[in-house]
Amino acid sequence: MNALKLLSRTKLYWGLIAIFLIGVLGSPISSKGNNIFLSYGNLLDVLRQVSTTGLIATGMTAVIITGGIDLSVGSLMAVCSVVCAMLLTVPGVTPGVVLGVPTVAVVALCLGFVVTRFIYLNIAKSRAGADGQRDIRLDGIRGLVTPGIVGVGLCCLSLWFLLPQIEPKFGVLGVLLVAPCVGLLFGAINGFIIVAGRLQPFIVTLAMMVTALGIARLTAGQNNAVLPVYTGSNATADFEMLRSLVFGVIPMPGLFFLGAILIYGAVLRFTPFGRYVYAIGGNEEAARLSGIAAGRVKIVTYAVSGLLAGIAAVLYVAQYRQGKPDAGAGLELDAIAAVVIGGTSLMGGRGSLTGTFCGVLIFGLLSNILQLHNINSNLQLVLKGMIIIGTVLVQERNAGDLLAYLRLVLAPVRGGQAAHKETTAAKRPSQETPSLNLGGNNETT
């Protein structure tokens, strides 16, 4: 029994190992006799390719654990990619500057205020002890004035850093600050509308998906379906570092992905915020009654989801050398699939970033295997869909229920066939040769 429990708990890792072995055993062989799938370059390409989806899936995991969903991340990535490409390649005041720089100022102001107030509040709670934590009230200085001063100072500092970059075009640090802040603001708006309006996350994020797509197209302009980025030509040569290998070992996008998984995973596992996320997903009403500020926690999860979409947008621009208004089309579905494959329940309350990491790798390795065998792209979509359904059935432990249901459905059909055979057998004696009536009497012989 213990072995079965261990196997059940580690089934995701066995699935990842199985996909890897399939790739190894079925890999094409190069002209030099080397296994192409196992080549270092191919495995690095897999990590590079899954990094964008992985960053978005990282933020999506916490959102889904709370019982929500975020359909807007693909469009948010598109907006941020357009802003990033425009800041890198076009000098002066552009739509990208108009959208990005004020957003950074607003985010800096709010972030300074909230973080300072949070620090003061936790210091006061620690001094009050467990019995008096719910009655904590900050005075005007600590609750309003000091956080406001810190927020204004952080806002001025960010403007001091960004404004000199407008005329000569932005550098790497500039776009790494602006694009994630744009995503964070849109994500926070998602969370605020969901909490304040008491609306379904599906509807709110669907509306934001459409809205962000329109904003991306308006920012890029009618004649700019693609904003090309050529490092060393129309953009700073330093931007090339975001697609390079760190110490010649790991691609920079993969480093961002692994860093996000480790940091956010530690937050969800070891901090009160992480416990609140799981509590809200398990039973939001009970979490509220226990004193958890469920609305604030949900806003933060959506804001972080947007932030990671903005980081993914910068890496997308670096990797593909372009910003596009439709850069993230369909990416939200890939992220949700990877999260669900990783064992996170769409009902909320259960999941982990370790599982999401495995789910992203399974998705990436599967795509790589199909590409190495030159499988038709349309057939790849069919196979991926079937594998997603099968994996989720196993993760949710519903495969046995499905088989039992199929047996119940097929049982009446089989019963009808058996009854038909019995009826036919019963009718057979009447089809035999009739008895003869001799002498005109009613007796038969």
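Since every read-out is calculated from the coordinates, none of them should be taken as a lab result. Quick caveat, the model's predicted, so the values are computed rather than measured. Please note: Cβ atoms are built from the backbone with ideal geometry, for glycine as well, and neighbour counts cover all protein chains shown.
A protection proxy built from the mean count of other Cβ atoms within 10 Å ranks the segments 73-82, 179-188, most packed first, as 73-82, 179-188. Remark: the range 29-158 carries a charge dipole of roughly 220 debye about the Cα centre, counting +1 on each Lys and Arg Cβ and -1 on each Asp and Glu Cβ. In summary, the convex hull built on the alpha carbon positions of the range 74-213 has an orientation-averaged projected area of 10.4 nm².
Working note: Karplus 6.51/-1.76/1.60 with θ = phi - 60° gives the range 219-234 the couplings 5, 5, x, 5, 9, 10, 6, 9, 10, x, 10, 10, 5, x, 10, 9 Hz, where Gly and Pro are set to x.
Could you tell me whether the range 137-280 comes out rounded, prolate or oblate from its Cα gyration tensor? Rule is a ≥ b ≥ c as square roots of the eigenvalues, rounded for a/c under 1.5, then prolate if a/b exceeds b/c, otherwise oblate. Because its axes are fairly even, with a/c under 1.5, the range 137-280 counts as rounded. What's the local net charge at Ile280, with K and R +1, D and E -1, over the other residues with C-beta under 14 Å away? For residues surrounding Ile280, the net value is +3.
For Ala235, nonlocal amide neighbours, meaning residues 5 or more places apart or on other chains whose placed amide H falls under 5 Å from its own, are Tyr230. Computed 3J(HN,Hα) for the range 39-54, one whole-Hz value per residue from the Karplus formula 6.51 cos²θ - 1.76 cosθ + 1.60 where θ = phi - 60°, is 5, 4, x, 5, 5, 5, 4, 4, 5, 5, 6, 7, 5, 5, 4, x, glycine and proline marked x.
If you sort the three axes of the alpha carbon gyration tensor as a ≥ b ≥ c, you get a/c of 1.5 or more for the range 305-390 and a/b no higher than b/c, which makes it oblate.
The HN-Hα couplings worked out from phi for the range 115-120 by the Karplus form 6.51 cos²θ - 1.76 cosθ + 1.60 (θ = phi - 60°) are 5, 5, 5, 4, 5, 4 Hz, whole numbers, x standing for Gly and Pro.
What's the ranking of 30-37, 52-59, 325-332, 345-352 by average number of surrounding C-beta atoms within 10 Å, highest first? Kindly include the intermediate steps, with their values, before the conclusion.
On the way: 30-37: 10.9, 52-59: 29.5, 325-332: 21.2, 345-352: 17.5.
Result, highest mean first: 52-59, 325-332, 345-352, 30-37.
For Lys169, nonlocal amide neighbours, meaning residues 5 or more places apart or on other chains whose placed amide H falls under 5 Å from its own, are Gly92.
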